[in-house]
Amino acid sequence: MATASRDRVELSRTLGERLSFGPRQPGDEKAFTDAILAQLRADRLLWVVSDEENAPALSIGDTARITFNIARLSGSAGLIYAMHMSQALTLVRHGGDTPFFRELLQRLVGEQVLVASGTSEKGVGGDIFGSICTIEEDGDTLTVTKESPNISYLDHAGLILVSAMRLKPNGKKVQMLIAAEMKNTDLQPGRAVGFMGMRGIMNKPYALTVRFAEEALFPDPYPVIARDTMTPSIHIFWAALWSGMAASALDKVRASISSSPPAESDVADVMRSELSRLVDKHYAMNALIRDAVVAFDNRESVGGMGMAHTADVKRLKVLCSDYLTEICLGALGLVGMRGYAEAGTYSLSEILGDMLSARVMISNYRLLTNNAKIERFVEERL
């Protein structure tokens with residue numbers, strides 16, 4: 001299994017060589033992202049499971065490495081892959097050993113289906129644990145209607161994981177997660193959201209009505225799923241995405257310095273020193289990611305995702321998004337006007353636009369505020 005996993009990582013590293021796509025042009029982000037997703041599906045990298053009980057054949061670390069390789073080509077494609085793999089891991093780890101989830105997973109793997117996230121909701125202030133929508137029951141048919149401020153890449157997805165409250169017989173509510181198949185989901189899209197970056201992704205608000213049977217509910221409550229798998233994995237995969245984007249920016253700096261004319265050799269010496277400082281930040285970024293992967297893999301041996309581990313995975317997101325910003329802006333300073341240009345070999349335009357999303361995909365301020373409440377109870381140890 002380890003060899004197969006390494007083979008998949010290597011396959012992702014050479015992804016660009018198999019793309020049938022001409023020279024990049026401004027405004028082609030969506031078409032380029034679509035081409036990458038099509039190749040990932042052809043390479044069977046959207047779902048990688050073993051033959052035994054549909055268990056993951058990719059480690060968290062190798063999934064992060066694949067995300068890195070994709071993001072080095074396209075931030076948008078890397079973000080879609082990161083989000084999808086977090087949802088896919090959730091299905092594998094929490095779907096339960098039932099005929100419904102076994103058959104669903106078999107189809108998703110066989111058809112290499114992308115899975116989208118429907119956990120955000122209007123009116124809760126960004127709190128994923130604060131669902132307003134509630135599951136309604138009519139005999140064997142369950143229904144939920146939800147207003148989501150944004151769901152990404154539904155033009156590619158075949159399944160949505162939707163969170164909603166359910167009223168228990170004792171009158172208390174528990175937040176649950178639903179495997180919502182597109183054939184059972186009515187979607188009313190709003191106006192497409194125009195973002196400054198990640199323009200290869202279709203983002204729209206949706207009013208969705210999902211009709212489903214009891215079997216489509218995950219056995220575990222959503223807060224358990226989110227804290228154990230969905231949240232820590234997406235922070236690791238996001239960080240890997242940003243590392244890949246940082247690598248792409250540094251590639252352009254190296255190419256720019258190498259192309260400097262001999263008359264500018266003194267300037268090139270300074271630029272090489274500054275490049276080394278940026279590489280130091282990239283090294284620190286990757287060290288944080290590797291540490292987070294080890295912590296995720298070892299969480300069960302230390303009693304699960306406790307307070308300290310939960311705080312650390314938030315730190316990972318905040319620190320890596322900050323490192324990405326510093327690296328990309330530093331790269332722009334070194335490449336100069338050629339990097340500021342909208343197109344060209346050294347253009348950083350797309351990377352810079354994509355980079356701006358890192359701090360606001362779950363606001364850094366929200367994460368810092370959450371961690372500030374518990375810092376007196378946790379400590380970092382070597």
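The values are calculated or read from the model by the stated rules, or taken from the named source; none is laboratory data. In this text, all values refer to a predicted model and were calculated from it rather than measured experimentally. So basically every Cβ, Gly included, is an ideal-geometry build from the backbone, and we count neighbours across all protein chains shown.
Conditions (1) in contact with a Phe, Trp or Tyr (Cβ under 8 Å, 6 or more places away or on another chain); (2) touching a residue at least 40 places away in the same chain (Cβ under 8 Å); (3) assigned by TED's automatic domain parsing to the domain that holds Lys317; (4) within 22 Å of Gly78 (Cα to Cα), marked per residue:
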| site | (1), (2), (3), (4) |
| --- | --- |
| Ser233 | yes, yes, yes, yes |
| Ala240 | yes, yes, yes, yes |
| Ser258 | no, no, yes, no |
| Val267 | no, no, yes, no |
| Asp280 | no, no, yes, no |
| Met285 | yes, yes, yes, yes |
| Ile289 | no, yes, yes, yes |
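Looking at the stretch 102-135 only, could you name the residues that are part of a helix (DSSP H, G or I) and among the polar types (S, T, N, Q)? Residue satisfying the conditions is Gln106 alone.
Suppose the filter is within 29 Å of Thr119 (Cβ to Cβ) and not β-branched (Val, Ile, Thr); does Glu274 pass it? So Glu274 fails the test. From the list Thr90, Thr33, the one residue that fits, being closer than 24 Å to Leu250 by Cβ, assigned to a helix (DSSP H, G or I) and either modelled with pLDDT of 95 or more or not assigned by TED's automatic domain parsing to the domain that holds Leu154 (or both), is Thr33. Being farther than 24 Å from Gly110 by Cβ, touching a Gly at 6+ places or on another chain (Cβ under 6 Å) and surrounded by 14 or more Cβ atoms within 10 Å (Cβ to Cβ) is a condition met by at least one residue of the stretch 175-197. Residue pairs whose Cβ atoms lie under 6 Å apart, sitting 6 or more positions apart in sequence or on different chains, and linking a residue in the stretch 98-111 that is over 20 Å from Leu45 (Cα atoms) to a partner that is assigned to a helix (DSSP H, G or I) and among the polar types (S, T, N, Q), do not occur here.
Restricting attention to the stretch 346-367 and to residues that are within 17 Å of the chain's Cα centre (by Cα) and outside any helix (DSSP H, G or I), the residue that is surrounded by the most Cβ atoms within 10 Å (Cβ to Cβ) turns out to be Ala358. The single residue among Ser273, Ser256 that is more than 18 Å from the chain's Cα centre (by Cα), more than 25 Å from Ile70 (Cα to Cα) and modelled with pLDDT of 90 or more turns out to be Ser273. Of all the numbered requirements in (1) buried (at least 23 other Cβ atoms within 10 Å of the Cβ); (2) out of contact with any Phe, Trp or Tyr (no Cβ under 9 Å at 6 or more places or on another chain), His84 misses one, and that requirement is (2).
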